[in-house]
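Have a look at the structure below, then the notes.
The values are calculated or read from the model by the stated rules, or taken from the named source; none is laboratory data. These numbers come from a predicted model, not from an experiment. Positions of Cβ are generated from backbone atoms using ideal geometry, with glycine treated the same way; all protein chains shown enter the neighbour counts.
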Amino acid sequence: MSLKGNLATMGLEDLLQWLAVGKKTGVLAIRGAAYMKTIAFEDGRITSASSTDPKEYLGQFLLAYNRINEAQLREALAAQEDENELLGRILVNRHFVTENEIRRIIQLKTEESLYDCFLWASGEFEFMEGQRPDPRTVLLNLDVTGIVLEGARRRDEWQRIREALKGGDAIVVADSEAIAEQLPLAAEDAELLAHVDGLKSVDHLVLELRSTEFKVSRHIYDLIERGLVRVSVQGGAKVKAEDPLQKARALLDRKRLAEAQEEIRRVLQGQPQDPVANRMMKEVQNLQQAADKPLNLEQIPELAVDLMELTHVDLSPGEAFMATRVTGMHSFRDLMAVAPFNEDECKAIFASLLKRGILRTEKPAAEGGRASLH
């Protein structure tokens, strides 16, 4: 049996509770504007979840919780294709993490992925009864009621957080005097504040901390409430989710080309001659063409500007993240393996950095790594 629908007509809470009360076994697929998530059920309880969002891959969570470093992740991903094994098992076999650490991180990853669905404005779903996940998957035993209660709470909290933060492009500025008065700081406060330099946006901090948008935003909101930081919006521009072109511009800045193109298409369907929408569509197409140009993934990029100059260059959060990973030692493929972006986003970011003269390529890697992000 297959059940299909839209979250606008059957809310996520009702859908999950229906599956729980009916003690359903199967896989629920939810497709949002950008990504798809699959949730496995056994007798009405959640046993696993996966996502096409690279930020929700296991490797990214392990980095966020400082269980592994980027070099260890690169090594494990390079071995994954040859060994035909799940990433977690490879990391355990190499003694980078323990079995217990992997299980804890997988549960955190699963819960965060589920909570994120509650923040989606829309989505299509399909439940395929009887289907089961990969038999190698680490199975959990999560109660739906707890997930629903926390997800609904986060959705309400998200409204207040986004109002205070004014958007992902808001710049976070620390108040050194207030921080000095509250010393010593909790470890998690100190870690976040170490990344706050008065130049980085909320989106930039999310990428740097390898964490979820909700978790970082909530932490910043808490620091605002305590007077330790404030936020300012560059140029007074506040991206409004209800304005498709503003949303498209924000997506373009992050090199999320497919999502930006979809927003622009919505405008052009109703206003085919809109000059701004047409210019932006051309910009998207140019970036896509640049990203589609053959890129030797085994080449090693180098910074064409020094690090001090880089801090004064106007970079999107994605560009800044990738540029700061370039050391002249790792290939494009290596950098893509540990990035919280999909392959198309990575290629678009590299194309932009190369075109702007921020990166250059002069030498191929001696031996290209082969990495899989899945």
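Only one of Ala20, Ala78, Ala49 is outside any loop (DSSP other than H, G, I, E, B), more than 21 Å from the chain's Cα centre (by Cα) and at pLDDT 95 or above. Can you tell me which? Steps first, please.
Numbers: Ala78 fails: at pLDDT 95 or above; Ala49 fails: more than 21 Å from the chain's Cα centre (by Cα).
Checking each option against the conditions leaves just Ala20.
Can you tell me which of Phe61, Phe41 is within 15 Å of Val338 (Cβ to Cβ) and not in a loop (DSSP other than H, G, I, E, B)?
Details: Phe41 fails: within 15 Å of Val338 (Cβ to Cβ).
Matching residue, one of Phe61, Phe41: Phe61.
Does Ala33 meet the test of being of a type outside the set (Ser, Thr, Tyr), over 20 Å from Leu149 (Cα atoms), in a strand (DSSP E or B) and assigned by TED's automatic domain parsing to the domain that holds Leu139? First the steps, then the outcome.
On the way: of a type outside the set (Ser, Thr, Tyr): yes; over 20 Å from Leu149 (Cα atoms): yes; in a strand (DSSP E or B): no; assigned by TED's automatic domain parsing to the domain that holds Leu139: yes.
Criteria not met by Ala33.
Looking at Thr52 and the list (1) β-branched (Val, Ile, Thr); (2) surrounded by 19 or more Cβ atoms within 10 Å (Cβ to Cβ); (3) within 30 Å of Ala260 (Cα to Cα), which single condition is not satisfied?
(2)
Are any residues in the stretch 143-170 surrounded by 19 or more Cβ atoms within 10 Å (Cβ to Cβ) and in contact with a strand residue (DSSP E or B) (Cβ under 6 Å, 6 or more places away or on another chain), and if so, which ones?
Leu165, Asp169, Ala170
Looking only at the stretch 134-163, how many residues end up being out of contact with any Ser or Thr (no Cβ under 9 Å at 6 or more places or on another chain) and in contact (Cβ under 8 Å) with a residue 12 or more places away in the chain?
Within the stretch 134-163, the subset out of contact with any Ser or Thr (no Cβ under 9 Å at 6 or more places or on another chain) is 135-136, 143-157, 159-160, 163.
Cutting the leftovers down to in contact (Cβ under 8 Å) with a residue 12 or more places away in the chain gives us 136, 143-145, 147-148, 150-152, 154-155, 157, 160.
Matching residues across the stretch 134-163 total 13.
Are any residues in the stretch 275-297 buried (at least 16 other Cβ atoms within 10 Å of the Cβ) and more than 30 Å from Ile264 (Cα to Cα), and if so, which ones?
Here is the first cut: in the stretch 275-297, the ones buried (at least 16 other Cβ atoms within 10 Å of the Cβ) are 277, 280-281, 283-284, 287-288, 290-291, 295, 297.
Answer for the stretch 275-297, where residues must be buried (at least 16 other Cβ atoms within 10 Å of the Cβ) and more than 30 Å from Ile264 (Cα to Cα): just Leu297.
Go through the stretch 95-109 and give me each residue that's in contact with an Asp or Glu (Cβ under 9 Å, 6 or more places away or on another chain) and either among the aromatic types (Phe, Trp, Tyr) or outside any helix (DSSP H, G or I) (or both). Let's see the steps before the verdict.
Initially, the stretch 95-109 is screened for residues in contact with an Asp or Glu (Cβ under 9 Å, 6 or more places away or on another chain), giving 96, 109.
Scanning the stretch 95-109 gives a single hit, Phe96.
Which of the residues spanning the stretch 191-204 are at pLDDT 95 or above and buried (at least 22 other Cβ atoms within 10 Å of the Cβ)?
Leu192
If we scan the stretch 110-118, do we find a residue that is part of a loop (DSSP other than H, G, I, E, B) and closer than 19 Å to Ile30 by Cβ? If you could, list the steps in order and put the result at the bottom.
Here is the first cut: in the stretch 110-118, the ones part of a loop (DSSP other than H, G, I, E, B) are 118.
From the residues that got through so far, the ones that are closer than 19 Å to Ile30 by Cβ too are 118.
Looking for residues that are part of a loop (DSSP other than H, G, I, E, B) and closer than 19 Å to Ile30 by Cβ, one finds at least one in the stretch 110-118, hence yes.
Quickly run through the stretch 119-157 and pick out the residues that are part of a helix (DSSP H, G or I), within 30 Å of Ile90 (Cβ to Cβ) and of a type in the set (S, T, N, Q).
None - no residue of the stretch 119-157 is part of a helix (DSSP H, G or I), within 30 Å of Ile90 (Cβ to Cβ) and of a type in the set (S, T, N, Q), so the list stays empty.
With respect to Tyr115, determine if the residue is modelled with pLDDT under 95, more than 28 Å from Leu297 (Cα to Cα) and under 18 Å from the mean Cα position of the chain (by Cα).
Spelling it out, it is not the case that Tyr115 is modelled with pLDDT under 95, more than 28 Å from Leu297 (Cα to Cα) and under 18 Å from the mean Cα position of the chain (by Cα).
Residue by residue through the stretch 90-109, note down the ones that are touching a residue at least 24 places away in the same chain (Cβ under 8 Å) and over 22 Å from the mean Cα position of the chain (by Cα). Before the answer, list the steps.
To start, the set of residues in the stretch 90-109 that are touching a residue at least 24 places away in the same chain (Cβ under 8 Å) comprises 91, 96-97, 101-103, 105-109.
Of everything in the stretch 90-109, those that are touching a residue at least 24 places away in the same chain (Cβ under 8 Å) and over 22 Å from the mean Cα position of the chain (by Cα) turn out to be Phe96, Val97.
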